[in-house]
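The values are calculated or read from the model by the stated rules, or taken from the named source; none is laboratory data. What you see is a predicted model, and the numbers here were worked out from it, not measured in a lab. Don't worry about glycine lacking a Cβ; one is built from the backbone with ideal geometry, like all the others, and counts go over all protein chains shown. Please note that ligands, DNA and RNA were not included when accessible areas were found on the heavy atoms of the full protein model with its side chains. Shrake-Rupley method; radii C 1.70, N 1.55, O 1.52, S 1.80 Å.
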Amino acid sequence: MQWTGYLSKEELLTSIEDMTAAPNGPTILYVTHHIEEIVPSITHAMLINSGTVMDKGEEWDELTESLLEKTFRVPVKVEWENERPWIRIKSLLLTEKK
């Protein structure tokens, strides 16, 4: 890849994946509000809400709908694609009472 001075988010995430997947790669503490940025070589997650640790452990155990809903306080849907979690907010529309 030729250096242009700027990296797209996916190029940065590919670089992080390559570094952390290497046999003698560095240990990385990656902080994000975007769970889709969690690349496969990141093995653990800590969920924090307002400074309180909600849960921590292996990423597949932590990045679940129930724990993310508890952390973000909104209904969410989590789907895994290419070993990366993708989140979306479920509809917040309430059914009107008749």
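Label-to-label distance, Phe72 versus His44, with points set 7 angstrom from Cα along the beta-carbon direction: 2.4 nm. Two numbers describe the Cα atoms of the chain: Rg and Dmax, which are 16.4, 63 Å. Couplings 3J(HN,Hα) for the range 60-67, derived from phi with the Karplus relation 6.51 cos²θ - 1.76 cosθ + 1.60 (θ = phi - 60°), are 5, 7, 8, 8, 9, 4, 5, 6 Hz, where x marks Gly and Pro. With the chain treated as a Gaussian network of Cα nodes joined by springs under 10 Å, which of Ser15, Ser66, Ser50 yields the largest mean-square fluctuation? For the chain, modelled as a Gaussian network with Cα springs under 10 Å, the answer is Ser50.
To the nearest ten degrees, helix 9-21 and the longest principal axis of the Cα atoms of the chain are 70 degrees apart. Ligands, DNA and RNA aside, Thr52 has an accessible area near 80 Å² when probed at 1.4 Å. In the full protein context, the chain carries 79 Å² of accessible surface per residue, based on a 1.4 Å probe and ignoring ligands, DNA and RNA.
What is the percent carbon and sulfur in the accessible area of the chain, measuring with a 1.4 Å probe over the protein chains and ignoring ligands? With neighbouring chains kept in place, the figure for the chain is 55 percent. Close amide H partners of His44, meaning residues 5 or more places away or on another chain with modelled amide H under 5 Å apart, are Glu59.
Could you list the GluC sites (Glu not before Pro) in the range 1-67 that lie in coil according to DSSP, counting only those with at most 13 other Cβ atoms within 10 Å of their Cβ? Qualifying residues, ordered by number: none. Using only side-chain charges placed at the Cβ, +1 for Lys and Arg and -1 for Asp and Glu, the dipole size of the chain relative to its Cα centre rounds to 640 debye.
The length gained on full extension between Glu58 and Tyr30, counted as 0.36 nm times the residue separation minus their Cα-Cα distance, comes to 8.7 nm.
The helix-only estimate of mean residue ellipticity at 222 nm for the chain, built from DSSP H runs of length n ≥ 4 each weighted as -39500 (n - 2.57), is -7000 deg cm²/dmol after division by the residue total.
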